[in-house]
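Asks: Pasting in a structure now, in C-alpha cells, and then I'll have a few things to ask.
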Amino acid sequence: MTLGKRLLPLAYLPVFLAWYFALEGRDTASMIVVESPLDALVPFDATWIVGYLAWFPFLLGGIAWLYAVDLRAFREIPRFAWLLIVGMTACLIGYTLWPTTVTLRPEVYPDQGWATAVVAGLQGFDDPANVFPSLHVYTSIVVAHCIAASRYVRRAWVRVAAWVACVLIAASTCFLKQHSVLDAAGAAALFAIVLGAWHVLPRTVRPPRPDAVAD
C-alpha cells in the first residue's frame, strides 16, 4: 500500500470541518431540545473548562501518535479511521436532518474567576446546537478505546489514563452545560454500534486483528 493511501483517512478532516461549520449559525428556536431531569443534578462549574479544552490535544495527539507508531504496519489505523469517520459522519447526518439544541446554559454566569470569563467567551460564539450525540464525547471514547486496545501500549497505567481522560472530558461537557447527559449517553451508544459494525466487516475489508490485545 502506498503512503498516499495510508494517509487518505486524514483527507476527511477538511470535509468534516466544512460540513460542521456549514451547520453553525442556524436558528435554534425550531430545533429539538435534548435534555434530561438528570441535568439538574449536575451544577454549572466553569473550572471544568480545563477538561473541555483538553479534548483538543487528546484527539489530535491520539491521531498523531497512532500514525507515528502504526503508519508502517498499518494494522490499527484502519480501525481508528473507521470509528472516527463513520461515527462523526453519523453525527453530522443527525445534526443535518434532526437539528438539536440545549437550553441549559446559565443566563447569568456565577463568578468563578478566570474560568468563568473563558467559558462565557467560548459560549458567546459557540451556538448551543449540534448536540446529540456529543462529538466531544464520541471522539474521546474512540481515542480512549484505541489507546487502551493498542498493541503498542505496554503499560497498564497508560490505558487507565486514557479512559480517565475520556471520562473527564465527557463530564466537562455536562458541567459546562454544553451538553445534556443524554448527549453523552447517545455518543456512547453510537460508539457501541459503530464498533460492532467494524467487527462484522468481512476480512477483505478490515486488516487482521492486531496482536493479542482485544479490540
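The numbers here are math on the coordinates, done by the rules we state, and not lab data. The model shown is predicted, which means the values in this text are computed figures rather than measured ones. Cβ atoms come from the backbone with ideal geometry, glycine included; neighbour counts cover every protein chain shown.
Asks: At 0.36 nm per residue, minus the direct Cα-Cα distance, what do Trp19 and His199 gain on full extension? Give it in nm, one decimal, please.
Replies: 62.0 nm
Asks: Ordered by residue, what ³J(HN,Hα) values in Hz, to whole numbers, does region 66-83 give under the Karplus form 6.51 cos²θ - 1.76 cosθ + 1.60, where θ = phi - 60° and Gly and Pro are x?
Replies: 5, 5, 5, 8, 10, 4, 6, 6, 6, 9, 10, 4, x, 5, 4, 5, 4, 4
Asks: Can you list residues whose amide H is under 5 Å from Val33's amide H, if they're 5+ apart or on another chain and H is modeled 1.01 Å from N?
Replies: Hits under the 5 Å cutoff: Thr101.
Asks: Please work out whether region 107-181 counts as rounded, prolate or oblate from its C-alpha gyration tensor, where a ≥ b ≥ c are the square roots of the eigenvalues and a/c under 1.5 means rounded, while otherwise a/b larger than b/c means prolate and anything else oblate?
Replies: In terms of gyration-tensor shape, prolate.
Asks: Given region 13-72, what whole percent of its Cα pairs are spread farther than 15 Å?
Replies: 75
Asks: If one takes the longest principal axis of the Cα atoms in the chain, at what angle in degrees, from 0 to 90 and to the nearest 10, does the Cα axis of helix 156-175 lie?
Replies: Rounded to the nearest ten degrees, it is 30.
Asks: If you don't mind, there's one more thing I want to ask. Against the longest principal axis of the chain, how steep is helix 12-22, in degrees 0 to 90 to the nearest 10, with axes from Cα atoms?
Replies: The helix 12-22 is inclined about 20 degrees to the chain.
Asks: Quick one: 3J(HN,Hα) in Hz for region 26-37, Karplus 6.51/-1.76/1.60 with θ = phi - 60°, rounded, Gly and Pro as x.
Replies: Residue by residue, region 26-37 yields 6, 5, 7, 4, 9, 7, 6, 7, 10, 8, 9, x Hz.
Asks: How many times 2.2 N^0.38 Å is the alpha carbon radius of gyration of the chain?
Replies: That works out to 1.07 for the chain.
Asks: Along the Cα→Cβ direction, 7 angstrom out, place labels at Ala192 and Val158. What is the inter-label distance in nm?
Replies: Going from the Ala192 label point to the Val158 one covers 2.9 nm.
Asks: Per 0.36 nm of contour for each residue apart, how much would the distance between Gln123 and Lys5 grow if the chain were fully extended, relative to their Cα-Cα spacing?
Replies: Fully extending the segment from Gln123 to Lys5 adds 38.7 nm.
Asks: Let me ask another. Test of understanding: what is the full-extension gain from Ala54 to Arg151, defined as 0.36 nm times their sequence separation minus their Cα-Cα distance?
Replies: Net length gain for the segment: 32.5 nm.
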